[in-house]
Each structure stands twice: as structure tokens, then as C-alpha cells.
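Undergrad: Sending over a structure as C-alpha cells; questions will come in a sec.
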Amino acid sequence: MEALGLPAIGLFNRCSCFHRPSAFTMVLGTPKYGCHASLASFKLKPSSTTRTHHSKSVIRVQADSEDYELKQMRDMAAARKRWETLLREGKVKVLTPREAGYAVQLSNKPLLDVRPSNEHKKAWVKGSTWIPIFDVDNNLDAGTVGRKVTNFVMGGWWSGVPTLSYDSQFLAKVEQKFPKDTDLIVACQKGLRSLAACEILYNAGYTNLFWVQGGLEAAEEEDLIIEGPLPLKFAGIGGVSEFLGWTEQQRAAAAKEGWGYRLVFSARLVGLFLLADALFLGAQQVARYLQDIRSH
């Protein structure tokens, strides 16, 4: 903190992201569950051999999934230990969003925004430099399409979190922009990906790194000068949960704004039910029509 002329703060007012390993696995990519193809290839036959083979395959798939999840948990635990060491030993300094705002506005310190494009385009800190460590994967090869489908099925439809991929040019882009002795403030939406970025930058020789605890989402309106179409707290939400107003950020906003804000999302929910009913009735009518055609 002294390097920025700011008051020192406690090393760990524990950031919530440390207690959510699932968030880390989401930014690294979608779990590679390979069960669909193996299960779909079986034909149901009333033989004990097929049932035994099917049972063994299911057990094998479950074991593979559990091994993958276990590996993710171990990787997350190892990363968390490394990051805690960096912070505890002062190799990466800790700033609150308000302190980061003071440093940017009063001391003209650079802020490196490492969020993906889907978050950055909604809101950003004025004067910040945007270099994502993970970005939306827009490739359409077989592997990426498979990951996109799996990501959607496993919660992407609800949270709006897209399939992300690591930018192998991240370090090179930062090195082109900032010398290694720069007082560099690193931030993301919730504070997790920025820690991963800090580790990469520290290992590359950056010696004056500052991490925004809790991420930009933890900032209040007066902490930072924000640009973009949405409030900064809403930059990390999406999907059906955002459409229905069921995210924590929207509930907090509803508590401040009152009934007018809530009614918008209540109307959307009613509309969604009406649409589902209409589709169901339409499907029934089409089924009857097809049945009549076949009967004639």
C-alpha cells in the first residue's frame, strides 16, 4: 500500500471468490464429460450381457466424471494456496475498490481490466486498459461446439456465462503496454481471474502488482468513474436469471428502487409462463393435425 501512498489494509478480509471453486473451473473452461456418446451407442436388449455391459459403462462414466471433478478441486486448492502466498508475502498488494479508485483518479495509476469481452462491453472503468486473460471462445470447431453445448446444458442457460478460453498472448500484450516496474492495478469482475493474472505477471517479472479485492463488482458507485451502458455490478450477470431479475445484484437494486423495478421482472415471468402455455397448446394442435393426416 505504501507504494501507492494509501493506508494499509488487512491481508485477508476474505474475498468470497476463495470459497467458490466452481467459479474458477468455469473460467478455465467447461468440464469434459464424455458420457453422451458412450451411452447413446447402446441398444436396449433384454439380455443380461447387455445390461451388465451398460452398467459397467455407466460406472466408468461416473468414475471419469468424479476423477475430473476431483482434479478440478485439487487444481483449485493448489492455485488458492499459491495466490494466498503471493498476498501474504506482499508480492501482490491488496486494494479495496475504493482504494483502487483513489489510486487511479488521484495518482493516475494504470488499471488493467482482465475481464472477458462479454463483461467489459457492459461497463468499464474510465481510462482503464482492457487485456482479457480469458475471453469468449468464438471458434466453431467440433471440440469448441461440444464445450459450448455442455456449458449451456450445465448452467450456462441460467447464468449466461459463455464458454471461455485462455488467451495465450495475454502476457505478451501486457508486456507491450506496461514496463515491468509499473505500479499496475489488476482487476476483474469478482476478483478471481485477476489473481490468476497477477500470478502470471509476477512470475514474468512484474514487481509492483496491486490486486482489487472482491473485484470491480464490489465497488460502489462513488468508488470509480464508470463508463458503459450498464452499472458495473451488472456486468457479470446474464442468461435467464438476469432476464427474470433473480440475480443477487438485481435483488439488491430492487430493494432500493422499489415496486416499479420489481414489476418489470414480474411481468417478464408472467409472459414466460404464457409463452410456455402457448407453445404447449400449439404443439398439441400440430400433433392432432398430423394424426388426422395419417388417419386419412
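Undergrad: From the list 224, 201, 192, pick out the single residue that is in contact with a helix residue (DSSP H, G or I) (Cβ under 6 Å, 6 or more places away or on another chain), under 18 Å from residue 128 (Cα atoms) and buried (at least 21 other Cβ atoms within 10 Å of the Cβ).
TA: Numbers: 201 fails: in contact with a helix residue (DSSP H, G or I) (Cβ under 6 Å, 6 or more places away or on another chain); 192 fails: under 18 Å from residue 128 (Cα atoms).
Just a single option satisfies the conditions, and that option is 224.
Undergrad: Another question, then. Determine which single condition residue 179 fails, assuming it passes every other condition in (1) surrounded by fewer than 20 Cβ atoms within 10 Å (Cβ to Cβ); (2) at pLDDT 95 or above; (3) under 16 Å from residue 113 (Cα atoms).
TA: So the condition that residue 179 fails would be (3).
Undergrad: Given the conditions (1) buried (at least 16 other Cβ atoms within 10 Å of the Cβ); (2) in a helix (DSSP H, G or I), which single one is not true for residue 82?
TA: (1)
Undergrad: Kindly indicate whether any position in the stretch 64-72 is modelled with pLDDT of 60 or more, in a helix (DSSP H, G or I) and aliphatic (A, V, I, L, M).
TA: Yes, that holds for at least one residue.
Undergrad: Of all residues in the stretch 141-179, which are in contact (Cβ under 8 Å) with a residue 40 or more places away in the chain and of a type in the set (Gly, Ala, Ser)?
TA: 156, 159, 160, 165
Undergrad: Can you run down the residue pairs with Cβ atoms below 7 Å, 6 or more apart or on separate chains, where the first is in the stretch 115-129 and in contact (Cβ under 8 Å) with a residue 40 or more places away in the chain and the partner is basic (Lys, Arg) and surrounded by fewer than 21 Cβ atoms within 10 Å (Cβ to Cβ)?
TA: Sorted first by the residue in the stretch 115-129, then by its partner, the pairs are 129/177.
Undergrad: Which of the numbered conditions does residue 160 fail, given that it passes all the others? Conditions: (1) modelled with pLDDT of 95 or more; (2) surrounded by fewer than 18 Cβ atoms within 10 Å (Cβ to Cβ).
TA: Against the list (1) modelled with pLDDT of 95 or more; (2) surrounded by fewer than 18 Cβ atoms within 10 Å (Cβ to Cβ), residue 160 comes up short only on (1).
Undergrad: If you go through the stretch 203-223 one residue at a time, do you hit one that is touching a strand residue (DSSP E or B) at 6+ places or on another chain (Cβ under 7 Å), on the phi < 0 side of the Ramachandran plot and of a type in the set (Asp, Glu)?
TA: As a first pass, look at the stretch 203-223 and keep what is touching a strand residue (DSSP E or B) at 6+ places or on another chain (Cβ under 7 Å): 206, 208-213, 215-216.
Cutting the leftovers down to on the phi < 0 side of the Ramachandran plot gives us 206, 208-213, 216.
Among the residues that remain, those that are also of a type in the set (Asp, Glu) are: none.
No - not one qualifying residue is present in the stretch 203-223.
Undergrad: Next question. Give me the helices (runs of 4 or more DSSP H) completely within the stretch 105-182, filtered to those with at least 2 residues that are of a type in the set (A, V, I, L, M, F, W, C) and farther than 27 Å from residue 93 by Cα, ordered by residue number.
TA: Numbers: elements: 117-120, 142-151, 170-177.
Qualifying helices (runs of 4 or more DSSP H): 142-151.
The values are calculated or read from the model by the stated rules, or taken from the named source; none is laboratory data. None of these values were measured; they are calculated from a predicted model. Backbone-built Cβ (ideal geometry, glycine too); neighbour counts: all protein chains shown.
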